[in-house]
Amino acid sequence: MRIGVLGTGMVGTTIATKLVELGHDVLMGSRTANNEAAAEWAAGAGSQAGQGTFADAAAHGELVFNCTAGAGTLEALGMAGAQNLADKTVIDVANSLDFSQGTPPSLVVSNTDSLGEQIQRAFPDARVVKALNMVKHEVMVEPSKVPGEHDLFICGNDDNAKAEVAAVLRSFGWPAASIHDLGDLSAARGMEAYLLLWLRFWGAFGTGHLNIRVVR
């Protein structure tokens, strides 16, 4: 599959590398066509790895990952182009964290809205699915880094898009029984807010290689 990955940070690089390892044709996008981090990644990731602008990556992908910094996501997706996201599943991994007052951060958007919902409103022809934002980047693509059984959550307004995302997550190593659909995209409000607690977990337990299990 052709996949566009928007973002050149740890999350984007980790996901893009895993996708190439799984045999996908991946184009990493950034603000400029000659981004140094994206070029370095593409040079080392193999023949199915490429890089370009946000628009290049979005146009390339049959599926698009949003791995940009949450505070700049809407601008980045605007640069990617609504026409390049239309009729495509967009997996939103971003969190709208605000570090302007130091740490711990607050949320740019919360309570009655979410970044996932903002993306869907701004790009109504895309099929936005929130996923993977509740775990560290290494755990996203290698769930075995957290021992035992633990859960992953997704949400979105389109059932077919969520099924497509779940298939990608299974290819990352997430068992089907551990992937839970929380319903429509408004569930992203809770998924994004959880990051404030997750950061406290990291501080308390000394590792980001952790996750939660819903016991019922």
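Please count how many residues of region 1-57 are of a type in the set (A, V, I, L, M, F, W, C) and more than 18 Å from Ser171 (Cβ to Cβ).
Qualifying residue count, region 1-57: 14.
Here is a yes/no grid of residues against (1) of a type in the set (Asp, Glu); (2) modelled with pLDDT of 95 or more; (3) on the phi < 0 side of the Ramachandran plot; (4) open to solvent by 30 Å² or more (accessible area, probe 1.4 Å):
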| position | (1), (2), (3), (4) |
| --- | --- |
| Leu6 | no, yes, yes, no |
| Thr13 | no, yes, yes, yes |
| Ala43 | no, yes, yes, yes |
| Gly46 | no, no, no, yes |
| Cys67 | no, yes, yes, no |
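Filter region 17-53 for residues that are under 16 Å from the mean Cα position of the chain (by Cα) and not in a helix (DSSP H, G or I) and give the result.
Within region 17-53, Val26, Leu27, Met28, Gly29, Ser30 qualify.
Identify, please: which residue in region 107-160 is more than 20 Å from Ala71 (Cβ to Cβ) and assigned to a strand (DSSP E or B) and is, among those, nearest to the chain's Cα centre (by Cα)?
Val129
What about Lys136, is it in contact (Cβ under 8 Å) with a residue 40 or more places away in the chain, open to solvent by less than 60 Å² (accessible area, probe 1.4 Å) and within 19 Å of Val108 (Cα to Cα)?
So Lys136 does not fit the description; no.
Please go through region 165-193 and pick out each residue that is out of contact with any Cys (no Cβ under 6 Å at 6 or more places or on another chain), open to solvent by 30 Å² or more (accessible area, probe 1.4 Å) and not small (Gly, Ala, Ser).
Result: Arg170, Pro175, His180, Asp181, Asp184, Arg189.
Which one of the conditions (1) over 24 Å from Leu196 (Cβ atoms); (2) assigned to a loop (DSSP other than H, G, I, E, B); (3) acidic (Asp, Glu) does Asp56 fail to meet, given that it meets all the rest?
With respect to (1) over 24 Å from Leu196 (Cβ atoms); (2) assigned to a loop (DSSP other than H, G, I, E, B); (3) acidic (Asp, Glu), Asp56 is out only on (2).
Can you tell me which condition Phe99 does not meet? The list is (1) more than 16 Å from the chain's Cα centre (by Cα); (2) open to solvent by less than 60 Å² (accessible area, probe 1.4 Å); (3) at pLDDT below 95; (4) not polar (S, T, N, Q), and all the others hold.
Only one criterion is unmet by Phe99, namely (2).
The values are calculated or read from the model by the stated rules, or taken from the named source; none is laboratory data. Keep in mind that what you see is a predicted model, and the values were worked out from it rather than measured. Virtual Cβ from ideal backbone geometry, glycine too; neighbours counted across all protein chains shown. All accessible areas refer to the heavy atoms of the entire protein, side chains included, with ligands and DNA or RNA removed. Shrake-Rupley method; radii C 1.70, N 1.55, O 1.52, S 1.80 Å.
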